[in-house]
Every structure is written in structure tokens, then in C-alpha cells.
């Protein structure tokens with residue numbers, strides 16, 4: 001018999017173990033899990049391979065003192081969206097790339113690098129993706145402390 | 001408005017003299033690698049959205065892509081409704097379903113026409129686009145515009161349907177249903193289409209999952225995902241319908257999935273129009289508190305995913321927009337490597353990316369010098385020649 | 001005007017060949033341009049054909065906001081287009097950038113980009129988002145009359 005939502009959440013909790021720094025479930029089908037960036041790649045691998053979730057996309061945000069990445073995974077069988085969150089200080093804007101274990105994250109990590117200036121360590125192809133060829137280096141349109149014209 | 005002159009005039013597509021979007025590297029007649037550069041069309045809509053109020057954003061995001069113009073606003077308003085915990089009235093859920101399924105029909109017919117054009121079936125192009133018109137008329141009567149409907153708002157729908165509109169939409173569906181059956185029969189039974197499209201541009205199930213493909217691109221590769229069933233929204237869990245999937249992941253399967261989905265869309269529409277409940281179409285939303293919300297819908301091309309962060313202000317603090325093609329276009333690399341050059345236009349088209357992006361495709365022979373062998377018009381010609389050769393052999 | 005110029009103008013007015021350029025648009029205007037070819041609007045009866053190359057074109061149909069990446073390319077296409085030619089700014093984005101005026105990749109508007117190359121360029125504007133096919137046909141017909 002197919003697994004239901006609560007069983008799926010239970011299985012997720014077991015696989016997550018004590019890695020999460022925070023666990024929030026504001027709606028039945030929405031889970032927000034905070035992890036330390038050093039655990040991000042392995043946690044993403046767990047979600048993709050062991051748990052069997054599909055990778056949807058990721059959101060990079062400048063939240064002030066820090067930069068935040070939220071990876072959005074989905075468990076289609078029960079309509080669950082798992083949002084995996086990590087943060088890094090602006091002075092050290094480097095996080096591990098999850099592309100080596102989740103190939104679908106390739107383009108979105110390149111985009112977050114272009115727009116927010118987050119560096120994805122270990123990305124197999126870290127070229128500029130969406131900004132123009134002559135867009136100046138080091139100017140990140142979605143950073144709060146930068147003007148939007150360059 | 002009702003000219004019925006049918007002159008098959010075979011348009012040839014305008015080409016972009018410089019390859020911008022897709023560059024294909026080949027050895028002999030076979031593609032060995034692909035690269036895509038997408039800065040040409042980048043407009044920075046996420047930034048524009050952040051400078052608007054909650055109510056202005058739907059008008060911005062419906063212009064992310066013209067053909068998915070009902071899907072993006074719906075995903076956005078659903079994300080905001082999640083944050084603000086808004087209960088959308090029943091009638092609005094049905095109105096949303098009606099508009100989004102009409103969009104699905106016109107988008108799939110548009111695609112079917114273009115696909116026909118790329119392989120040399122120009123009459124298919126003319127017929128498919130001719131039968132888009134009743135769909136666009138229905139949308140114009142219901143929302144006020146052929147495209148860019150501006151109907152989805154936070155809390156419901158901006159405009160309601162009158163009984164006359166319901167009748168009008170039903171009559172347009174009657175007009176489309178017969179020709180659609182003809183297209184389906186043609187696609188499934190035409191021996192040339194089978195030979196031309198089967199085993200072409202195969203995306204394996206494994207690649208589809210690894211690369212996060214969605215929509216018909218995934219469903220044709222035996223990945224049975226569909227947001228309408230998996231995380232139901234609007235009125236999709238209140239009507240009967242089926243998810244269409246195929247096994248082989250080739251271009252032929254993608255054609256079949258889309259045509260069958262169009263038939264399902266008509267089935268959903270008839271139920272939604274029949275069961276449209278009474279009541280208001282707009283809930284009152286006073287403010288959006290701090291929080292985060294996810295809104296995703298099944299656009300014609302696949303899952304459209306919006307993530308919205310609110311800090312309690314007048315508009316979104318952060319608005320992430322992920323169109324389905326962003327995940328599907330990279331799969332082109334997996335499905336075109338090893339293919340003959342004559343098949344690249346139809347392989348790319350089968351993923352259903354933006355038309356403007358497709359026309360910026362070129363074959364580059366030498367990676368170092370960038371020496372260009374062929375541009376888009378040449379590739380379309382090759383594709384049609386292949387169809388002709390198959391026709392002669394039969 | 002020399003005889004050759006008069007012949008060229010007559011040819012342009014009688015059967016304008018148009019070359020479509022997308023400089024960063026959402027595709028709505030572009031799809032409506034293709035609509036013009038389909039049976040309902042059938043613009044070929046007016047002599048309008050889509051050209052394969054700017055060198056054969058009498059008019060450029062420009063859509064989009066002219067992104068930073070597109071700007072030099074648009075100017076190059078204009079240089080290559082056979083003269084005399086008409087530049088048609090199709091849609092709100094091409095006319096004024098519309099809602100994208102504060103986008104970080106906006107490098108237009110289209111008329112300023114073209115005038116940088118040719119201050120005397122003939123530019124017409126067909127606003128709308130997207131302009132209805134009837135509006136496009138009316139706009140082009142009106143422009144041709146005034147030439």
C-alpha cells in the first residue's frame with residue numbers, strides 16, 4: 001500500500017536523523033529544514049537518492065548579514081514540498097555545491113552565483129549563466145547593498 | 001473576426017544571424033555536445049517583482065512568458081495565499097481551473113503546429129493555429145484579453161463568468177473537439193510521423209529524474225508527475241481526469257502526451273463549466289503577514305514553481321520564479337547528444353521551450369574557432385528533407 | 001528622389017518584407033506576429049512576408065525591452081538591413097520598456113538604441129501588451145501610407 005503523508009514525514013525524520021538545526025512545518029504539506037552548510041551536500045544527496053525526492057529549484061537571498069540558500073525538493077506521491085535551508089556570512093559567501101549529487105541543481109546554482117554572488121564550491125561548470133557578457137564582475141543584482149544599475 | 005480563408009503559405013522562420021541561445025557541437029553528422037546561453041532574454045523579473053505591491057505582481061509575472069501567462073500568476077497568488085492563510089472561494093477555484101485549462105489547450109495546439117512546421121507538415125501548422133482561435137476567443141470573452149488575462153488575484157479571481165460566457169466557452173469547445181480528434185488520429189496513425197519521430201530525441205527515465213524534468217517532457221519518459229494530481233490546487237481534485245504518460249521518452253511520445261492532455265483539458269473544462277458553484281469569486285485580504293510560501297501549478301510546459309518571502313511589507317521581500325523550461329531545457333543536452341543533426345530542431349521543440357529561444361539555435365563545428373556550419377534555417381531545412389526522404393521510401 | 005529610390009519605395013510599400021527581432025520579450029508579441037500568417041489574419045494577402053535575413057528586409061519588427069546582451073546585436077542587425085527600411089517597435093516593451101523600465105538588464109528603449117546608429121531612422125510604434133493582430137496590421141498599413 002502506498003505511503004501516506006504522515007508516514008512520509010516520519011520516514012523523512014528518520015533519514016534526517018539529528019542533522020537538522022531546525023524543523024518547521026507551517027502547513028501539512030510544507031516542511032522547512034535548516035541545516036549547517038557543511039552538511040548540505042550530504043543532506044541533499046539523502047533527499048534525492050535515499051528519500052527519493054525530486055529537485056524543483058533553489059532560492060538565493062541576501063538577508064542582511066548573511067546569504068541564504070533554500071533548496072526546494074518535492075515528494076510527488078504525497079504533494080510534500082521540502083525546503084532545505086542553509087546560511088553563510090556575507091564575508092564568506094561559499095557553500096558546497098550539491099550539483100555533484102543532484103545534477104538538476106546545475107543551472108540554478110550558476111544563476112544564484114550570478115544574481116546573489118554565492119559561490120558553490122565543487123560546481124562542475126561555474127560559468128556565468130544569465131547575466132550579459134559585459135556585465136561587470138562582482139556586481140550582484142539581488143544583493144541589497146548594491147544598486148541595480150551597473 | 002471570422003475569415004475562413006485557408007491558404008497554406010509555409011512560413012519560413014526568421015533566423016538570428018548570430019547564434020545566441022543554443023550551440024551544438026558536431027562531428028560529422030552527429031551531435032556530440034550542446035551548450036546554452038540564456039542571457040539574451042533575461043530581464044530580471046524577480047527584481048521587478050520586489051519593487052511592486054502584492055496586487056501589482058500578478059501583472060508583472062504573467063509577462064514572464066506569454067504562453068504560460070495564466071500559470072505564473074496562479075502560482076504566485078497561491079504562494080501568497082499560503083502565507084496569508086486565505087481561504088479562496090469555491091467559485092474562484094473553478095474559474096481558475098477554467099482559465100488554466102483553456103491556456104493548456106491553446107499552448108499545446110500552438111506547440112503541435114510549430115512541431116509540424118519543423119518537420120515539414122506546414123498544413124499542420126496552419127490547421128493547429130486555426131483551431132487555437134476559438135480557444136483565444138473564449139479567453140478573450142472571459143477575461144478581456146487573448147493573452148495576458150490579469151485574472152488571478154490574491155484571494156480569488158478579478159472577473160467572474162456570466163452564464164452567457166459559460167455558454168460561449170462551451171460552444172468554442174464544441175468547435176475544437178472534432179479537429180482535435182483528427183489531429184490525434186493523424187499523429188497516431190500516420191506512418192511517416194511514426195518513422196520520423198519514433199526513437200528520435202530520446203530522454204531516458206533516468207536522465208529525466210536526474211535532471212529534474214517536469215511536465216510532458218517527464219511524463220513522456222515514464223515519470224508520472226503532475227502537480228494537479230500530486231498537490232491539488234484550484235478545482236482539480238473536484239473533477240475527474242487522468243494523467244497522461246508514455247514509456248519511451250522519444251519525440252513521438254511527447255506528441256502523444258500533449259495531444260491526449262489537450263483532450264483531457266476539454267474533459268476537465270466541461271465538468272468545471274457544468275459544476276461551477278454559486279458564490280463570490282474574491283476573498284478579502286487585508287494584509288500579508290511575515291512568512292514564506294510555495295505556490296506551484298502545472299503549466300502546459302511543466303511545473304511552475306514560485307517561492308515568496310514576506311516581511312509584512314507592501315510587497316514581496318523575495319520572489320523566486322522557476323519556469324518549467326528552466327529544468328527542461330538542460331535535458332536537451334541528454335536527448336540530442338548522439339542524434340543526427342537533422343533531428344535537432346524537432347528534439348528541442350519537443351521540450352517545448354520558448355519559441356524565441358528555439359529559433360536561436362546553431363550548429364558549431366569547431367569549439368575553439370566557433371566556426372559555424374549551420375544556422376536555424378539550415379537546421380529546419382535538414383529536418384524537412386529527412387521527412388521527405390522517409391516519405392519517398394514508403 | 002532618384003528613379004531608383006522611387007522604385008525601392010514603391011516595392012517597400014507594395015510588399016513589405018519583415019524581419020522579426022526579439023530583443024528580450026516574453027514571446028506574446030512574437031506569437032501574435034506568427035498569428036498574422038495564419039488563416040484568420042493572413043497577412044500575406046497584403047504582401048507582407050517574413051524575410052529570412054535582414055538583408056532582404058524592408059521592415060524590422062522589434063519586440064522586447066532590448067536587454068543588455070541584445071543591444072549590440074540589434075544595432076548590428078539594423079546596420080545590415082537593406083535601406084530604406086522601417087523599424088517597427090512592437091508592443092509596450094519595445095516602445096517604452098513598459099513594466100521593465102527598472103529591470104537591471106534593460107538597455108533600451110529600442111528607439112534610442114536604433115537612433116544611436118542612425119539618427120534619421122524611421123521608427124513607428126505599435127503599443128499594446130501584446131498589440132492585437134488587428135492593431136499590428138493597422139499600424140503597419142498606416143505607416144506604409146505615410147511613407
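The values are calculated or read from the model by the stated rules, or taken from the named source; none is laboratory data. Model, not experiment: these values are computed from the prediction. When we count neighbours, we look across all protein chains shown, and the Cβ atoms used for this are built from the backbone with ideal geometry, even at glycine.
Values computed for the structure shown
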quantity: Criterion violated by residue C:92 - all others in (1) within 20 Å of residue B:51 (Cα to Cα); (2) facing another protein chain (nearest Cβ under 9 Å); (3) in a helix (DSSP H, G or I) satisfied; calculated: (2)
quantity: Residue among B:96, B:52, B:63 that alone is assigned to a loop (DSSP other than H, G, I, E, B) and surrounded by 24 or more Cβ atoms within 10 Å (Cβ to Cβ); calculated: B:63
quantity: Region A:51-67 - residue that is free of Cβ contacts under 8 Å to residues at least 40 places away in the same chain and more than 9 Å from chain B (Cβ to nearest Cβ) and, of those, surrounded by the most Cβ atoms within 10 Å (Cβ to Cβ); calculated: A:53
quantity: Residue ID - modelled with the lowest pLDDT, chosen from residues in region B:1-34 that are part of a strand (DSSP E or B) and surrounded by fewer than 15 Cβ atoms within 10 Å (Cβ to Cβ); calculated: B:27
quantity: Residue that is surrounded by the most Cβ atoms within 10 Å (Cβ to Cβ), among those in region A:113-129 that are more than 10 Å from every other protein chain (Cβ to nearest Cβ) and part of a loop (DSSP other than H, G, I, E, B); calculated: A:118
quantity: Residue match in region A:36-55 (condition: in contact with a strand residue (DSSP E or B) (Cβ under 6 Å, 6 or more places away or on another chain) and under 21 Å from residue B:311 (Cβ atoms)); calculated: no
quantity: Matching residues in region C:94-110 - criterion: being closer than 29 Å to residue C:46 by Cα, in contact with a helix residue (DSSP H, G or I) (Cβ under 8 Å, 6 or more places away or on another chain) and free of Cβ contacts under 8 Å to residues at least 40 places away in the same chain; calculated: C:95
quantity: The listed residue being within 14 Å of chain C (Cβ to nearest Cβ) and either more than 17 Å from the chain's Cα centre (by Cα) or farther than 25 Å from residue B:254 by Cβ (or both), out of B:165, B:126; calculated: B:126
